[in-house]
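Chemist: The following block contains the structure, expressed as structure tokens.
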Amino acid sequence: MREIVREWVDKGNSDFIAAKTLASKEGLENQTGFHCQQAIEKWLKAYLIKQGEEIRKIHDLTALVIDCEKYDITFQELEPLVEGITDFAVEFRYPGGNATPEEVQDALYKTNKVRDYLIPKID
């Protein structure tokens, strides 16, 4: 694996570890979800870099999945998994909205599923 791809994967893995660590702390739902979103974003970008893509500076997970579908149509399977997780990148980071514990548990579950799907495609 190219070094830059490995770096993106490692950063995503670190975000996922942070999310799982924060999940055990009450009151850190927004931060937990943010790290889930960041992990998925970095893994998707690692896949795109592996394909030779220039990385767009976006946080929209659905848009990134659609970019990946150009190389592998089975990425459509990820669309329902990333739905709603992009909200953690912006919406829940500022006053006016907070994630629920249920939303965070769902995000953790989906992040794990996305990781199980993506990592073998990147390696």
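We did not get these values from a lab; they are worked out from the coordinates using the rules stated. If you're wondering where the values come from, they're calculated on a predicted model, not measured in any experiment. In this analysis, Cβ positions are derived from the backbone assuming ideal geometry, glycine residues included, and neighbour counts consider all displayed protein chains.
Chemist: Once phi is turned into θ = phi - 60°, what whole-Hz ³J(HN,Hα) does the Karplus curve with 6.51, -1.76 and 1.60 give for every residue of the range 41-55, x standing for Gly and Pro?
Modeler: 4, 5, 5, 5, 5, 4, 4, 5, 4, 4, 7, x, 6, 7, 7
Chemist: While we're here: I need the calculated FRET efficiency for the pair residue 57 and residue 121, taking r as the beta carbon distance and R₀ as 22 Å, to the nearest 0.05.
Modeler: The calculated FRET efficiency here is 0.45.
Chemist: Only Cα pairs under 8 Å and at least 6 apart count here; give the relative contact order of the range 3-122 as a rounded whole percent. Write down the numbers at each step before the final one.
Modeler: Working: 144 pairs, mean separation 37.8, N = 120.
It comes to 31 percent, rounded to a whole number.
Chemist: Select from the range 1-79 those GluC sites (Glu not before Pro) which occupy a DSSP coil region and have at most 12 other Cβ atoms within 10 Å, ordered by residue number.
Modeler: Values: sites: 3, 7, 26, 29, 41, 53, 54, 69, 77; in loops: 26, 53, 54.
Sites meeting the loop and neighbour criteria: 26, 54.
Chemist: Continuing with this model, one more query. Give me the one-decimal Kirkwood hydrodynamic radius in Å for the range 3-122, with the sum taken over alpha-carbon pairs.
Modeler: On the way: mean 1/r = 0.0706 Å⁻¹.
Across the range 3-122, the inverse of the average 1/r is 14.2 Å.
Chemist: Also: Would you calculate the separation in nanometres between label points at residue 79 and residue 10, each defined as 7 Å from the Cα along the Cα-to-beta-carbon direction?
Modeler: With each label placed 7 Å out from Cα toward Cβ, I get 3.5 nm.
Chemist: Would you grab the residues whose amide H sits under 5 Å from the one on residue 99? Only those 5+ places off in sequence or on another chain, please, with H modelled 1.01 Å from N.
Modeler: 30
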